[in-house]
Structure formats: structure tokens, C-alpha cells
Amino acid sequence: MQGGIDLTASLTNVRSTCNDTGEKVYTVADFDVLARRTDVRGARTVQLPYFVTVVRGGTAVIAKRVGTVTIAFADGQERAQGHAQAASYIDRAEATLPEDIRKRITAKRKAGDENAALDPLAEPDVRAALARASFELLVGFQLSEAQIAYNATR
């Protein structure tokens, strides 16, 4: 082991699809994990834990799952790759803006009108409604406390 690091890995090629035709919005993220090991002696299989979270409004974690991706190194092989997939469901109603908010955002404005220069997205209640209807699927490595502390010093 060089400098205490046995293996480094990165998430890459993240691709997502979203199906919003039903009562629930279904999102899938496919991704690759590229790994590099320092000691290339012998074949080795590594299980790397990853997490998938659903975040609402940019700050509230509403769901989290942990999975693993398998990386298989052949004898003498420094680099290897694995593939994984993460998915989530969200209630369609939760991800839909109320009709009154939609109307305020999409209302036609004419130059010279009193409210033409007013941005509805600057209004606190409109921004709050947008945040409530906004969801993200985030994927990352599930690290131990020691790994987090180490990464914070790099």
C-alpha cells in the first residue's frame, strides 16, 4: 500500500431516465465505477458501498438506500470497472405544482403593465412551492467516518 491508500474509485458516466406516466414518478440512474488499486498482485474482488438518496427542495432527504457495486481485478490488473443502478419512486402529486402557482408563473405579461417587471419566482410562496415540488436523485459512495475524515484532509 502506497501512502495508506489501497484503492481509489470514482463514479462516472451517470445517466438517468425518468418515467412520469403513472401515479408515481420512477427515476433510474445508471453509473459506472472506475477503480484503481495500488497492489496489483493476485486477483481480487472488491465490494464498494454506494448510496442513493432522494432530496426534496435541495435540502430535505426523504429516502436513502445503500447498495454495493462489485469490482473484479485480474492478477496484475491495476484498473477495473463496475456498473450499478439506483432507482427511486416519488408520488406524482408531490412533484406537481398547484394550479394557482402554475398560473402565476406562466401568466402573460406585456411591456408597460404594472406587473410586467415583477418576477413571480422572486415571491416567497412561489419559491416555496417550487422547492416542495422539486426532487433530486443523488448517488455517491457510502463512506465510513474514518474515510470521510481522511477525504476531508486531502
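The values are calculated or read from the model by the stated rules, or taken from the named source; none is laboratory data. Please read all numbers here as calculations on a predicted model, not as lab measurements. Neighbour counts are summed over all protein chains in view; Cβ atoms, including those assigned to glycine, are modelled from backbone coordinates with ideal geometry. These accessible areas exclude ligands, DNA and RNA; they are computed on the full protein's heavy atoms, side chains included. Shrake-Rupley method; radii C 1.70, N 1.55, O 1.52, S 1.80 Å.
Looking across the stretch 79-113 at every residue that is among the hydroxyl-bearing types (Ser, Thr, Tyr) and within 30 Å of Phe141 (Cβ to Cβ), the one that is surrounded by the fewest Cβ atoms within 10 Å (Cβ to Cβ) is identified as Tyr89. Within the stretch 97-112, track down each residue that is among the hydrophobic types (A, V, I, L, M, F, W, C) and in a helix (DSSP H, G or I). Correct list: Ile101, Ile105. No other residue among Thr8, Thr38, Thr12 is out of contact with any helix residue (DSSP H, G or I) (no Cβ under 9 Å at 6 or more places or on another chain) and at pLDDT 95 or above apart from Thr12. Residue pairs whose Cβ atoms lie under 7 Å apart, separated by 6 or more positions or on different chains, with the first residue in the stretch 5-34 and in contact (Cβ under 8 Å) with a residue 24 or more places away in the chain and the second buried (at least 16 other Cβ atoms within 10 Å of the Cβ) and among the hydroxyl-bearing types (Ser, Thr, Tyr), are Ser16/Thr27; Thr27/Ser88.
For the stretch 1-16, filtered to residues that are surrounded by 12 or more Cβ atoms within 10 Å (Cβ to Cβ) and within 14 Å of the chain's Cα centre (by Cα), the residue that is nearest to Arg154 (Cα to Cα) is Leu11.
Looking across the stretch 114-149 at every residue that is part of a helix (DSSP H, G or I) and in contact (Cβ under 8 Å) with a residue 40 or more places away in the chain, the one that is least open to solvent (accessible area, probe 1.4 Å) is identified as Ala131. Applying the condition of being over 17 Å from the mean Cα position of the chain (by Cα) and under 27 Å from Arg127 (Cβ atoms) to the stretch 17-72 and asking which residue is surrounded by the fewest Cβ atoms within 10 Å (Cβ to Cβ) yields Glu23.
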